[in-house]
Amino acid sequence: VADAADNLAVEDPGWSLDQVQARATAAWNAVLGRIAVGGGSPSQQRTFTTALYHSLLDPDVVSDDNGEYPGPDGRVHRSAGNHYANFSEWDIYRSEIQLVSLVAPKQAGDMVQSLVDDGTQNGWLPKWAIVGGDESQMNGDSADPIIADAYAFGVRDFDVHRALAEMVKGATENETGHGLEIERQYLSQYLSQHFVPADSLDLTSIDYSIGGSVTLEYAIDDFAIARMALALGDHAVYESMMQRAHNWEYLFNPATGYLQARAEDGSFPAGPAFATSQFEPGGQLGFEEGNAIQYTWAVPQDLSGLAALMGGDAATVGRLDTFFTSLNATRYQPYDWAGNEPSLWTPWEYDYVGAPEKAQATVRTIADELYADAPVDEPGNDDLGAISSWYVWAALGLYPVTPGTGDLALASPLFPTVSLLLPDGHRLVEHAPAASAFDPYVHSLTVTGVTR
């Protein structure tokens, strides 16, 4: 009660709704104004700004103004900054945390420090941090790419060495005696045979089978740890984690040319990669919220390796063309599901196999046809800003395909002018005078003012 009264005294000292509204409006305008777009229609500008706003709503502050918050260990802790919770981790590591890191780096640093503190207090990094605990939803160990993404995009205001130590612990030590909060399920199987058996159930979330998808997630997580270790000069961790980042290759089935979940004895299922006989509530056997075709493209850390196994760039482009026959299929169809996170990076993957014009066209079609200036304005559940953040990047013509790196794939900007205020005070400015909703193709690109 005392803390609540103190919060009120700090945040609304004059008991004035007008003052609270004015401060909130000024704060939001300041952060939203860090990306200024010019041109386009009023509807496009509203769609863009709404998506940016949604991308920045969560995670949210859960500590009092004096820094106190309930920790996952059941004790009250005091944070030096703001403590954040309500992380939709599996969703936001693919594009949202990178956006937050660019436009709100101080908040991003507090968010990452919150995850690290939760890991220290609870013994393990959370999978889905909530107030005073871990909801532990979805497969994978997504705190790893969130931390590495923030670091790659310039966020430094957190304990980076403790963060790496927590990441390595979760990737190398089996968690026991911790109830339903398990950072890496089936870690022993993953380490010993390089994949998790197809029918392994998600023990901490909805009981979908996750063997294939969690193997791919762990390989991405390991890559993120490797990148973080390299940045901090820990070459031993970098080498070991980079080797593990290739574990996705164990799921490649030469008979079908796709990634598939394997049985415990190592065998692939008979027949085609996409089989209706393997349907279950979560999707296809072995894949949480998806199927083998959709998850085949979940190798953002090694797209050249995937293309090589598929028979080269031309063959891979052909498979992507087929994949984008439908743009927002469900988990029960072998096509793009733009409204769900595992497909967010896939249209940008054309860039990596020599077909940038197809990345430009596909990204623009998804943005134009599946997003709108309307109450129901997105292709799926926003998942605390994840789907909205994809649209922001799409409108900029840029996308962070590879977790743990600061690299951006290119499509085409929606607006003729874009100005992004970077954390160091510099600006990233895009001039695209011929940009329009009807012309997604870039004919030439000139980069100026780059310093290293």
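Below, the figures for the structure above:
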| read-out | value |
| --- | --- |
| Accessible-area composition of the chain, carbon plus sulfur, in percent [1.4 Å probe] | 55 |
| Centroid-to-centroid separation of the range 298-358 and the range 233-280 [C-alpha atoms, Å] | 17 |
| Gyration tensor verdict on the range 119-206 (Cα atoms; rounded if a/c is under 1.5, prolate if a/b is larger than b/c, oblate otherwise) | prolate |
| Cα-based convex hull, the range 372-452, per residue volume (Å³, whole number) | 145 |
| Measure of compaction for the chain (Cα Rg per 2.2 N^0.38 Å) | 0.97 |
| About the Cα centre, charge dipole magnitude for the chain (Lys/Arg +1, Asp/Glu -1 at Cβ), debye | 1280 |
| Å² of accessible area per residue within the range 294-452, as computed with a 1.4 Å probe and no ligands counted | 42 |
| Percentage of interatomic Cα-Cα distances in the range 56-131 larger than 18 Å | 33 |
| For the range 98-165 versus the range 421-441, the gap between their alpha-carbon centres in whole angstrom | 29 |
| Candidate aspartates and glutamates for bridging to K106, where Cα separation is under 17 Å - those fewer than 8 sequence places away on the same chain excluded | D58, D60, D65, E96, D117, D149, D157, D159, D424 |
| For the range 274-344, Kirkwood radius (reciprocal of mean inverse C-alpha pair distance, Å) | 12.5 |
| Coil-residue chymotrypsin sites (Phe, Trp or Tyr not before Pro) of the range 372-452, DSSP, other Cβ within 10 Å capped at 13 | F438, Y441 |
| Cα-based Rg of the range 189-246 normalised by 2.2 N^0.38 Å, two decimals | 1.27 |
| Options P356, L125, I210, ranked by Cα towards positive dipole end of the chain, top entry (Cβ charges) | P356 |
| Accessible area of the range 176-241 divided out per residue, in Å², using a probe of 1.4 angstrom | 36 |
| Per residue value of the accessible surface for the range 1-135 (all protein chains in place, 1.4 Å probe), Å² | 44 |
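The values are calculated or read from the model by the stated rules, or taken from the named source; none is laboratory data. Quick caveat: nothing in here was measured; it's all calculated off a predicted structure. So basically every Cβ, Gly included, is an ideal-geometry build from the backbone, and we count neighbours across all protein chains shown. These accessible areas exclude ligands, DNA and RNA; they are computed on the full protein's heavy atoms, side chains included. Shrake-Rupley method; radii C 1.70, N 1.55, O 1.52, S 1.80 Å.
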